[in-house]
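K.L.:
Here you go, one structure.
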Amino acid sequence: MDNLTQDKFLCGKLQLWQPRQGYRAATDPVLLAAACPALPGQSVLDLGCGVGAAALCLACRVPDLRLSGLEVQAEYAALAQRNAAENGIAMQVEIGDLADMPKALRVGFDHVIANPPYYPKGGTPSPNLGRAVALQVDTPLGDWVQAATRRLAPGGWLTLICGADGLPEVLAAMGSKLGSASVLPLTAREGKPALRILLRARKSGRAAFRLLAPFVIHQGAAHDGDRESYTPRASAILRGGESLSEEFR
């Protein structure tokens, strides 16, 4: 247990085991879960699920989902399965990568969610292999989009979070198979550039592309000591587990 910590998400509604050293889930998977428009009874595939944070946060908001996860690192896949079991959530986790999808996942899903690595390779990589694999780009973003598209049932939704500089590659990879795309820029503070984006797109969707108003995460111009700095709306999502449906209307 010394190499793991058990961390609270959504104000303790969810508790997840994570490596003490290595990639550790923070706000991105919580925002990803909040952006997914899943309904009770639908199927969801989490590509690169890590310890299961995004899928399990989604399950805390939407009951009776059929959850599946794909994770290339066996130790993270094992933690995702453990976290699901200890939180009383059913989830099937498969070990594999996008280029060689396990047969159990080669079906049509109502939703695919993904939080791909988006730090470019270069410089000195993290000495922790798990962190390096989780954060640094190895498989291009376009491959993630195309793999997700293949796994979507007709009319299914892709929900993805990535760096803002990856948006052109994501849109190019959608081709003619994904449409009805909406992009929600994520900015740390009012007036700051959006460094990340959330995207929703629908298989065979035909609605016009929409660039939405930025979602502001923190109040004030700078961090103010230990005081809670989330905007009220960000707090309702990151701590209360609410949906981002209002922002995607």
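K.L.:
Efficiency by 1/(1 + (r/R0)^6): what FRET value for Tyr230 and Ala74, r their Cβ-Cβ distance, R0 = 45 Å, to the nearest 0.05?
P.N.:
Plugging the Cβ-Cβ distance into 1/(1 + (r/R0)^6) gives 0.85.
K.L.:
Let me ask something else. I want to verify a result. In a Gaussian network model of the chain, Cα cutoff 10 Å, which of these has the top mean-square fluctuation: Lys177, Lys203, Lys103?
P.N.:
Lys103
K.L.:
In debye, nearest 20, what is the charge dipole magnitude of the chain about its Cα centre with +1 on Lys and Arg Cβ and -1 on Asp and Glu Cβ, if you could check? Intermediate values should be presented prior to the final figure.
P.N.:
Working: 26 positive and 23 negative charges, 125 e Å.
About 600 debye.
K.L.:
Determine, for each peptide in 60-66, 94-100, the mean count of other beta carbons within 10 angstrom over its residues, then list the peptides with the highest first.
P.N.:
Numbers: 60-66: 16.0, 94-100: 14.3.
In descending order of packing, they fall as 60-66, 94-100.
K.L.:
Shifting gears a bit: Order the peptides 242-248, 148-154, 43-49 from the highest to the lowest mean number of other Cβ atoms within 10 Å of their residues. Let's see the in-between values first.
P.N.:
Values: 242-248: 15.9, 148-154: 18.4, 43-49: 25.9.
Most protected by this proxy first, the peptides run 43-49, 148-154, 242-248.
K.L.:
Leaving ligands, DNA and RNA out of it, report the carbon-plus-sulfur percent of the accessible area of the chain at a 1.4 Å probe. Numbers along the way, then the final one.
P.N.:
Numbers: 6190 of 11640 Å².
Percent of accessible area from carbon and sulfur atoms in the chain: 53.
K.L.:
Using a 1.4 Å probe, what is the accessible area per residue for segment 1-50, in Å²? Don't skip to the end; give the middle numbers.
P.N.:
On the way: 2030 Å² over 50 residues.
Dividing the accessible area of segment 1-50 by its residue count gives 41 Å².
K.L.:
How big is the gap, in Å, between the Cα center of segment 1-18 and the Cα center of segment 153-187?
P.N.:
30 Å
K.L.:
While we're here: Sequence-distant or interchain residues sharing an amide H contact under 5 Å with Gly156, placed H: which?
P.N.:
HN-HN under 5 Å from Gly156: Lys203.
The values are calculated or read from the model by the stated rules, or taken from the named source; none is laboratory data. As the structure is a prediction and not an experimental result, all values here were calculated from the model. As a convention, Cβ positions derive from the backbone with ideal geometry for all residues, glycine included, and neighbour counts pool all protein chains shown. Heads up: the accessible areas ignore ligands, DNA and RNA and are worked out on the full protein's heavy atoms, side chains in. Shrake-Rupley method; radii C 1.70, N 1.55, O 1.52, S 1.80 Å.
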